[in-house]
Amino acid sequence: MTSTDRNDRPRLAVWKFASCDGCQLTLLDCEDELLPLASTLDIAYFLEASSAVGPGPYDLSLVEGSITTPQDAEHIRHVRRVSRRLVTIGACATAGGIQALRDFADVREFASVVYARPEYIATLERSTPISAHVPVDFELRGCPIDKRQLIEVITAFLAGRRPVVPGHSVCVECKIRGNICVLVAHGTPCLGPVTQAGCGALCPAFNRGCYGCFGPTETPNTPALNTKLRRLGVSDPDLVRVYRTFNATEEPFRQASEEAEGDA
C-alpha cells in the first residue's frame, strides 16, 4: 500500500479522560472484528494501543471518560476542533460515570479527607459528560460498552449513516435470551425495565438484577418500578443506592434517587 493510499483512508482517534480505560480495552478486544476494517481505516491516534501519534484532523474521534478538571474542559474543546465526528463511548463519557457520585456531595470535603495537601488538587465540583462541554455526534452507552455496538458505530460512520443501536429495555433482551424474570420470579431488585438494552441481559442470565450499566431507556417509568421495588421490601436508602451507580446523573435515574432520598 502506498503512502497516498494510506492518506486517503478515514482517520480514527481515540481519546481518554477520567475513566478506567475499560471502553478503550473493548476496542482492543475487538481484534477479529476489526480486521475487515483494517484496510479502510487508519487508527491515527490511540495511546492505549500505540505511542505513535498521527496529527489531526481526524474523521472520527471516540472519546472515553468524563470531564473532572479544568484541564479536561480545555482539552475536550481541542478534541472537538480536530474531529469531524465525535462519538462518546461509555457511561463516564455519556453520563459522568461512577465518579459523578461526587455531584451529590461536597468534593472539597472528599479532597480534604483523601489528600494531605488538598490545596494542590485542581478539580471541578462535578464530573460531567462530554456533551456538557462540546457538541457530540453520537453517544454509545455502557459500562463497559458492547463491542458489537462499537463496531456498528464505527462501520456506520464510515458508511455515512446513523448507527443502529437498540432503544428498548433489558427486559426485551431477557425474553430473547429465555431468562426467567428475576424481579417477578425471585423478587430480586432489578433495573432491567428502565435500562437500555446492550449487554445481552448479562446479569439476569446469572440470576442477578440489572445494575443499569447502559443507562435509562428513552421513556423509563421509574415511579412504577420504585413502587414495585418498595413492595418487595426495598427501603428508600437502598433505592437511592440502586440508582446511584454508573449512570447516577442521567436525569431519570437522578430523579428516581432524589425522590427516594426525599422519602427516606
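The values are calculated or read from the model by the stated rules, or taken from the named source; none is laboratory data. Since we're looking at a predicted model, the values are computed, not measured. Because the Cβ atoms are built from the backbone with ideal geometry, glycine has one as well, and the counts that use them run over all protein chains shown.
Going through segment 1-25 one residue at a time, which ones are at pLDDT below 90 and among the hydrophobic types (A, V, I, L, M, F, W, C)? The answer is Met1, and nothing else. Residues in segment 206-253 that are over 16 Å from the mean Cα position of the chain (by Cα) and buried (at least 20 other Cβ atoms within 10 Å of the Cβ): Pro220, Thr222, Leu225, Asn226, Leu229, Leu239, Val240, Val242. Among the residues of segment 7-64, those identified as among the small types (Gly, Ala, Ser), touching a residue at least 40 places away in the same chain (Cβ under 8 Å), assigned to a strand (DSSP E or B) and within 15 Å of Val82 (Cα to Cα) are Ala13, Ser61.
Screening Tyr115 on (1) modelled with pLDDT of 90 or more; (2) touching a helix residue (DSSP H, G or I) at 6+ places or on another chain (Cβ under 8 Å) shows it passes everything except condition (2). Across segment 94-143, the number of residues qualifying as hydroxyl-bearing (Ser, Thr, Tyr) and either in a loop (DSSP other than H, G, I, E, B) or crowded, with 18+ Cβ neighbours inside 10 Å (or both) comes to 5. Restricted to segment 26-66, and to residues there that are at pLDDT 95 or above and hydrophobic (A, V, I, L, M, F, W, C), the residue that is surrounded by the fewest Cβ atoms within 10 Å (Cβ to Cβ) is Leu60. Looking only at residues of segment 155-205 that are part of a helix (DSSP H, G or I) and in contact with a strand residue (DSSP E or B) (Cβ under 7 Å, 6 or more places away or on another chain), we find that the one that is surrounded by the fewest Cβ atoms within 10 Å (Cβ to Cβ) is Pro193. Of all residue pairs spaced 6 or more apart or on separate chains, those with beta-carbon atoms under 8 Å, a first member in segment 79-108 that is modelled with pLDDT under 95 and a second member that is surrounded by fewer than 22 Cβ atoms within 10 Å (Cβ to Cβ) and part of a helix (DSSP H, G or I) are Arg102/Phe110; Arg108/Pro118. Taken together, the residues in segment 73-93 that are charged (D, E, K, R) and either within 22 Å of Glu251 (Cβ to Cβ) or in a strand (DSSP E or B) (or both) amount to 2.
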